[in-house]
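Worksheet for the structure shown next.
Nothing in this text is a laboratory measurement; each read-out follows from the coordinates by a stated rule. This is a predicted model, so every value here is computed, not measured. Note: ideal-geometry Cβ built from the backbone for every residue, glycine included; neighbour counts use all protein chains shown.
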Amino acid sequence: MKTSPRSTSLAIPTPRQVYDYLNRYVIGQDRAKRTVAIAAYNHLKRCNQKAPGGKRLIKKSNVLLIGPTGSGKTHIARTLAEFLEVPFTVADATEYTEAGYYGKDVEVLVGELLHQADQDVALAQRGIVFIDEVDKIARRSQGARTGAGSRDIGGEGVQQGLLKILEGREIFVPLNVTQHWNKHDFVAIDTQDILFIAAGTFSDLRLYDDAKSRAVGFGSGGEQTGKVSRPITEKQLLDYGLLAEFLGRLPVRVQLDQLAEPELMRILTVPPDSVIREYQALLKMDGVDLQFSEDALREIVRFSVRKHTGARSLRTFVEEICHEIMFEAPERRGDTIVIDGKTAARRLEAFAEAAGDSEG
Ligand SMILES: Nc1ncnc2c1ncn2[C@@H]1O[C@H](COP(=O)(O)OP(=O)(O)O)[C@@H](O)[C@H]1O
Ligand SMILES: [Mg+2]
């Protein structure tokens with residue numbers, strides 16, 4: 001017998017095994033990691049359940065992740081897909097429309113998964129689709145004309161469109177989304193074994209106590225308490241403008257924490273693929289030993305907190321700091337280069353100025 005990939009073998013990884021893997025790459029977010037691990041486990045059990053007549057007892061365990069920018073929503077989903085060795089695609093809900101309007105049809109979303117699976121239908125049918133920005137497709141009945149009212153355009157229609165793929169049924173998907181849409185080139189895909197992970201910030205709901213985290217950002221030595229201050233309720237999500245049917249198809253819900261300074265510090269250095277490790281490895285190839293002082297790391301983290309981008313911009317900031325070094329590295333073989341706090345702060349300030357940012 002051929003050895004099958006992890007996801008199709010009978011030995012399903014346990015929630016603990018999934019969690020342990022996520023733990024290596026995802027810092028903090030313990031509750032989200034556990035929840036996703038359980039959802040993945042149930043999902044795989046469900047996939048393996050051979051039901052006569054097609055009906056399955058175990059409900060789909062599609063997930064809704066709620067959390068601020070750069071807290072790791074996409075990262076968790078991607079890391080899960082890596083562990084399960086299944087195709088993975090990221091979709092932005094705001095790019096889709098109800099059929100007949102300008103924008104992508106939801107079928108294209110599954111088409112992109114098929115593309116990730118090298119057009120292998122069976123493989124795509126076990127994949128993971130990450131749908132970002134679902135809070136931006138909320139239905140808005142009132143207040144639509146004030147400020148951020150654009151989210152209601154077609155929002156309800158997109159939710160309706162997504163319903164059919166979330167619930168699991170056969171749809172017709174363009175066979176090669178990278179090529180021009182050709183109506184004759186489509187293939188039937190059953191979405192019932194695809195795991196959907198939806199995500200949104202729901203920032204209007206002010207779930208995270210910003211005042212608190214800001215107060216700590218300035219000295220005081222205290223640690224930022226980036227914990228969820230208000231758990232979101234089903235009613236809030238409905239009031240926000242998510243359709244009951246849409247929410248019903250995302251039964252597993254979890255809130256991520258706002259990442260605080262200690263977690264951002266660890267994200268910089270701890271995961272095997274962390275950005276600091278990556279830069280050190282790059283420069284090692286030039287025979288250069290690159291070191292960051294504790295202060296330098298702290299400057300990067302503070303800058304991220306100031307920008308409210310969570311972990312999202314850590315890479316950009318490190319890139320900015322290492323710019324010159326990357327250029328010179330091949331000529332500095334044998335050197336040890338230490339980035340200290342002052343250097344890091346200076347480069348980050350210059351970067352902020354260049355970006356036309358007068359804040360702080
Ligand atoms: N909790 C975390 N642990 C480790 N890395 C993280 C975490 N959160 C974010 N990152 C890093 O920041 C990047 C952006 O995060 P992302 O998952 O896209 O945030 P979100 O989807 O919540 O806006 C990721 O690619 C990852 O490198
Ligand atoms: Mg994201």
Between D92 and D204, Cβ-based FRET efficiency (R0 22 Å, step 0.05) works out to 0.75
Karplus ³J(HN,Hα) for the stretch 81-91 (6.51 cos²θ - 1.76 cosθ + 1.60, θ = phi - 60°; Hz, whole; x = Gly/Pro) runs 4, 4, 5, 6, 6, 10, x, 9, 9, 10, 10
Residues meeting the amide H criterion for I194 (H placed from the backbone, H to H distance under 5 Å, 5 or more places apart or on another chain) are none
Here the stretch 256-263 yields Karplus 3J(HN,Hα) values (6.51, -1.76, 1.60; θ = phi - 60°; whole Hz; Gly and Pro given as x) of 8, 7, 6, 6, 9, 3, x, 6
If the chain between R306 and E245 were fully extended at 0.36 nm per residue, the gain over the current Cα-Cα distance would be 18.1 nm
Ranked from fewest to most other Cβ atoms within 10 Å of their own Cβ, H323, H115 fall in the order H323, H115
From the cross-link list K284/K342; K45/K307; K33/K307; K60/K104; K33/K342, the entries with a Cα-Cα span beyond 31 Å are K45/K307; K33/K342
Spelling it out for A91: with amide H atoms placed in the peptide plane at 1.01 Å from N, the residues 5 or more places away or on another chain with amide H under 5 Å from its amide H are F130, I131, D132
Expected sort for 56-66, 14-24 on mean C-beta neighbours within 10 Å, highest first, is 56-66, 14-24
Between T316 and F172, the FRET efficiency computed from the C-beta separation at R0 = 45 Å comes out, to the nearest 0.05, as 0.65
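Taking each pair of distinct Cα atoms in the stretch 263-354 once, what is the resulting Kirkwood hydrodynamic radius in Å?
13.2
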Residues meeting the amide H criterion for V187 (H placed from the backbone, H to H distance under 5 Å, 5 or more places apart or on another chain) are V173, L175
